[in-house]
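Reviewing the structure listed below.
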Amino acid sequence: REFTYWKGIISSYQPLELDNDHLSGIDYRETLSCNVSLNKRLTKSLLQEVHQAYGTEINDLLLSALSVSLRDITKGSSIVIGLEGHGREELFEAVDINRTIGWFT
């Protein structure tokens, strides 16, 4: 049932524009770091309180922050982010993965 929806999402994928052609590689002098730290109170709020208020998980909040950042950079109204998970979430009661190892991707 969701095939048409996800096909539409994938068809709207646009790679991010590059400001430099790095076919010869990237030199460390061309990189930039940005560090952000949260104090204990904000960290606790982010990890234990905020996602509960919205019925989300921490990954949802982090992806939202990434989306907003990319939107501001690209000036676009939407962004497509491809994700991969370990696939070990309990999705179906009838499937017992307790005696398995590895990732299901």
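The values are calculated or read from the model by the stated rules, or taken from the named source; none is laboratory data. Everything numeric here is computed off the predicted structure, so don't read it as measured data. Every residue, glycine among them, receives a Cβ derived from its backbone with ideal geometry; neighbour counts consider all protein chains shown. With ligands, DNA and RNA removed, areas are computed over all heavy atoms of the protein, side chains included. Shrake-Rupley method; radii C 1.70, N 1.55, O 1.52, S 1.80 Å.
Here is how the numbers come out for the structure above:
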| read-out | value |
| --- | --- |
| Stretchable slack from TYR54 to ILE97, in nm (0.36 nm times residue separation minus alpha-carbon distance) | 12.6 nm |
| Taking the chain and dividing mean pair separation by its residue count, relative contact order in percent (alpha carbons under 8 Å, at least six apart) | 25 percent |
| Rounded to the nearest 10 Å², the accessible area of PHE3 at probe 1.4 Å | 150 Å² |
| 0 to 90° range, to nearest 10: angle between helix 58-74 axis and the chain longest Cα axis | 30 degrees |
| Cα gyration tensor, region 61-105 - rounded (a/c under 1.5), prolate or oblate | prolate |
| Helix-only mean residue ellipticity at 222 nm for the chain, each DSSP H run of n ≥ 4 adding -39500 (n - 2.57), per residue, nearest 500 | -9500 deg cm²/dmol |
| Protein accessible area in the chain, 1.4 Å probe - carbon and sulfur % | 55 percent |
| If the convex hull is drawn through the Cα atoms of the chain, its volume per residue in Å³ | 227 Å³ |
| The chain, accessible area per residue, ligands and nucleic acids excluded (1.4 Å, Å²) | 99 Å² |
| Span from the region 66-81 Cα centroid across to the region 1-55 one, whole angstrom | 9 Å |
| Net lengthening on full extension, TYR13/LEU61 (0.36 nm per residue, minus Cα-Cα) | 15.1 nm |
| Candidates per GluC sites (Glu not before Pro) in region 10-105, loop by DSSP, up to 14 other Cβ within 10 Å | GLU17, GLU57, GLU84, GLU89, GLU90, GLU93 |
| Inter-site label distance for ASP72 and TYR28 at 7 Å from Cα along Cβ, in nm | 2.8 nm |
